[in-house]
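Just below is one structure, and these are the notes that go with it.
The values are calculated or read from the model by the stated rules, or taken from the named source; none is laboratory data. Being a predicted model, the structure only gives us computed values, none of them experimental. Here Cβ is always computed from backbone atoms with ideal geometry, including for glycine, and neighbour counts include all displayed protein chains. Heavy atoms of the whole protein, side chains included, go into the accessibility calculation; ligands, DNA and RNA do not. Shrake-Rupley method; radii C 1.70, N 1.55, O 1.52, S 1.80 Å.
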Amino acid sequence: MSRYANLFTADKGAATPPAPKPAPYTVLLVDDEPNVLSAITRVFRQENYRVLAVTGAQEALAALAKEPVHVIISDYMMPGMNGAEFLKQARARWPQTIRIMLTGHADTNAVMGAIKEGAVYKFILKPWNDDDLRVTVALAIEQHELLQKNKALAQQNANKAREIGELSKLAVSNRSQLAIMLHKRNLLNNQQVQELYKLQQTRKEPILKLLLEKDWVAENTLREILRKDLMLEEVALAEFQIDPAVLALVPRTLCDKQWVLPLKQTGRRLMLVMADPMDQGLIDNLRFTTGLEIQAVMADTAAIKAKIQEVHGDAGVSFAELETITSSVDPYEGIEILIEDQDDATLEELLRSSDEPPAIRLVNAIMLEAMRLGASDIHIHPRTKSVAVRYRIDGVLVDKIQIPTNWHLPLVSRIKVMAELDITERRRPQDGRLTVKSPFKVVDLRISTLPTINGEKVVMRLLDRNAAIHSIAELGLSPPNLARVLYAVSKPQGIVLATGPTGSGKTTTLYSLVQHDATPTKNYVTIEDPVEYYLDMAGQVAVKEKTGLSFATVLRAILRQDPDVILLGEIRDLETAEVAFHAALTGHLVYSTLHTNSALASIARLFDLGLKPYVVATALEAIIAQRLVRRICEDCRQPAEINQGLRAKLGPLFDNATQSFAGKGCPRCNGTGYRGRLAVHEVLTPDEQLRHLIATGATLLDLSKAAKQHGLIPLAHDARDKVHAGLTTAEEVLRVLGPQAAA
């Protein structure tokens, strides 16, 4: 047989070499007591571990430098360097090693410090249970293997992403004839064509996308040319039910980037809907990658994007956003729970609370992303096929992350543990609160759970402790309203109410009023549930119903603290209302909130609580009703017309609207056209006639007529003025205030 034959035939005489045996796992024991080292070594005598025993931290560091170690079991109390410091150094130099601390020393601060810094995988108390120690080490080794596999997979994913990125560059071709065709029809000039191709080479995006972004040619004009002059077929995408096998021919990322979608396969022909059917380069690339002939048809870009969303589902959080969440700082290390009122907790309870489920990273990532986006609420909404994480940004809910349903239970359980709720109770609503600290800020969260047919829904309200308090000039009050507010807050006594629904900025307004002309010669006290802003010059009290600290109880106690200015978080019942108005009548300036729809409705609400009319008439100095609307992005604001349907819903108030603006959408506002919020106000300051009507129990109609004669500017009128000024849009006014029947 030729000497090359063994390259093509098996050598039957050669024996298959045996597979190499895996090396045993190495466990490093560190303790200054030889008896302890011997006892732990005996625990692992029947295990397939290689056990190294050393008597000090420095000796252990030297051993780690010589060879890799899978698990470290270290004592806490050791001479020279204690176990916490040793494990911190080991984590910094060998992060892949699993670290276990064995301690009988109840140093709570050191224990919690090691937990928060992530230096310890688990704590075991002396005297230990041998079986527990064996199980813990086995789980630690399994964790080590998972970390190594995850690291390898992450590297593979990075390599694949790099390859896909290189391939995607090929998918963006320079062979679309769309710009040339429009130039020949005198719809684009030479400079515009050159700018399009220059942008295309720089940004690697399709010509059509850049053309629509520039808004040089309307899309319906473009479709008309392609349909009539080039005889291209236009399809109605709603009529197509796409087979999953056909859908898999073109990746989702390419569909999103190029605005294309495979519709059906007939033999060796693939029908492909394209926003730009004149991109011959893209057609050639897809013909090569699919191995099929391409039949290009067209549809509107909006219809294509909607169909992609329908067939592929919600893409959830984008890769760029996920990279923002997970890059640089590990979410597990970037956030910590501030445990309050736990002075009597034992070491065992603290250690038990550190044994957290794997969902901790997901919960922390959700919270960090909410802080980064400036969200006011987090909604964890279980649906039939997934769990949606939704953020309320600038008053509007936005779906951001989609989570598999099997993560729902550990996710909710983790949040309940953090908020000290009952994790076994899933059939009743629960309320709780917690405080978290991130690298950015300290945030208080109010937690509410609600059982639904798909599982428990969780809503978290975020309250930033470090948020800056706005001045009165920054509240967006119109000049007449600003003059009324300044007059009311200059009074030495009385009550000023801010009204509106939840999330309308009432507390922000009240803090601005409290801080206005604040002086060290006055005593400021606040009562809130919870404290939303931190004010050094004020004594702030957090209401805690469980311990008997109700609004009324604290308010009575505060009246014995010689206050000048009192901020009361909310008037909820008759008892609180009576004490608040009594304080306003006895020489104190009181600020508080009510949940009502308008300034005049607040008077009816106070009567409904049981207050006497003459008390309301005497103590009331001002009522500020407000709503929050989204502010138009200043970077992409442009003139816009209010359509007739919108005018009809907004009523006669907008019949003579001379101008309006809207945001086109840009990177600064994430394509929404809005960035930030501003308030629309309605300020009622009662004069003598209005006080008389209130004291005599006049009807709401009589009060309304008297208030308008006194110069009351309704919410809708203030909103209209802000639309004319280009600060917000008519769509926002309709969303927040609803249809307006009359001016």
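Looking only at region 735-742, decide whether some residue is surrounded by fewer than 17 Cβ atoms within 10 Å (Cβ to Cβ), without any contact (Cβ under 8 Å) to a residue 24 or more places away in the chain, more than 19 Å from Ala625 (Cβ to Cβ) and not charged (D, E, K, R). For region 735-742, residues surrounded by fewer than 17 Cβ atoms within 10 Å (Cβ to Cβ), without any contact (Cβ under 8 Å) to a residue 24 or more places away in the chain, more than 19 Å from Ala625 (Cβ to Cβ) and not charged (D, E, K, R): absent. When you look at Leu139, is it open to solvent by 20 Å² or more (accessible area, probe 1.4 Å) and at pLDDT 75 or above, yes or no? Yes. In region 271-293, of all residues being more than 20 Å from Leu226 (Cα to Cα) and outside any helix (DSSP H, G or I), the one that is most open to solvent (accessible area, probe 1.4 Å) corresponds to Glu293. Pairs linking a residue in region 553-571 that is in the same structural domain as Ala604 (by the TED database) to a residue that is open to solvent by 60 Å² or more (accessible area, probe 1.4 Å) and among the basic types (Lys, Arg), with Cβ atoms under 7 Å and 6 or more positions apart or on different chains, are Asp564/Lys522; Val565/Lys522.
Among the strands (runs of 3 or more DSSP E) lying completely within region 434-542, list those that include at least 3 residues that are open to solvent by less than 50 Å² (accessible area, probe 1.4 Å) and touching a residue at least 24 places away in the same chain (Cβ under 8 Å). Spell out how you get there, then give the answer.
Numbers: elements: 442-452, 455-464, 494-499, 524-528, 538-542.
Of the strands (runs of 3 or more DSSP E) lying wholly inside region 434-542, those with at least 3 residues that are open to solvent by less than 50 Å² (accessible area, probe 1.4 Å) and touching a residue at least 24 places away in the same chain (Cβ under 8 Å) span 442-452, 455-464, 494-499, 524-528.
Inside region 82-102, residues that are without any contact (Cβ under 8 Å) to a residue 60 or more places away in the chain and within 21 Å of Ile141 (Cβ to Cβ) make up a count of 14. In the condition set (1) modelled with pLDDT under 80; (2) in contact with a strand residue (DSSP E or B) (Cβ under 7 Å, 6 or more places away or on another chain), Glu545 is compliant with all but (2). Residue count for region 233-255 under the criterion of being farther than 15 Å from Ile304 by Cα and open to solvent by 40 Å² or more (accessible area, probe 1.4 Å): the result is 5. Within region 659-684, restricting attention to residues that are more than 28 Å from the chain's Cα centre (by Cα) and modelled with pLDDT under 90, which residue is surrounded by the fewest Cβ atoms within 10 Å (Cβ to Cβ)? Step by step, filter region 659-684, then rank; the result is Gln659. Can you tell me which residue in region 571-580 is surrounded by the most Cβ atoms within 10 Å (Cβ to Cβ), limited to those that are over 30 Å from Gln740 (Cα atoms) and either in contact with a strand residue (DSSP E or B) (Cβ under 6 Å, 6 or more places away or on another chain) or of a type in the set (Val, Ile, Thr) (or both)? Filtering region 571-580 for residues that are over 30 Å from Gln740 (Cα atoms) and either in contact with a strand residue (DSSP E or B) (Cβ under 6 Å, 6 or more places away or on another chain) or of a type in the set (Val, Ile, Thr) (or both), the one surrounded by the most Cβ atoms within 10 Å (Cβ to Cβ) comes out as Ala580.
Out of the residues in region 697-706 meeting the condition of being of a type in the set (A, V, I, L, M) and open to solvent by 60 Å² or more (accessible area, probe 1.4 Å), tell me which one is modelled with the lowest pLDDT. Only one residue tops the list, namely Leu700.
Here Leu397 meets each of (1) closer than 23 Å to Asp464 by Cβ; (2) outside any strand (DSSP E or B) with one exception, condition (2). Got at least one residue in region 243-258 being touching a Ser or Thr at 6+ places or on another chain (Cβ under 7 Å), modelled with pLDDT of 80 or more and not in a helix (DSSP H, G or I)? Looking through region 243-258, at least one residue is touching a Ser or Thr at 6+ places or on another chain (Cβ under 7 Å), modelled with pLDDT of 80 or more and not in a helix (DSSP H, G or I). Note on region 592-651: residues that are open to solvent by less than 10 Å² (accessible area, probe 1.4 Å), free of Cβ contacts under 8 Å to residues at least 40 places away in the same chain and out of contact with any helix residue (DSSP H, G or I) (no Cβ under 7 Å at 6 or more places or on another chain) total 0.
Residue by residue, here is whether (1) among the acidic types (Asp, Glu); (2) open to solvent by less than 40 Å² (accessible area, probe 1.4 Å) holds:
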| site | (1), (2) |
| --- | --- |
| Gln689 | no, no |
| Ala695 | no, no |
| Lys708 | no, no |
| Ala716 | no, yes |
| Lys722 | no, yes |
| Glu731 | yes, no |
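Can you find even one residue in region 202-225 that is open to solvent by 90 Å² or more (accessible area, probe 1.4 Å), over 26 Å from Ala299 (Cβ atoms), part of a helix (DSSP H, G or I) and modelled with pLDDT of 75 or more? Checking region 202-225: not a single residue is open to solvent by 90 Å² or more (accessible area, probe 1.4 Å), over 26 Å from Ala299 (Cβ atoms), part of a helix (DSSP H, G or I) and modelled with pLDDT of 75 or more.
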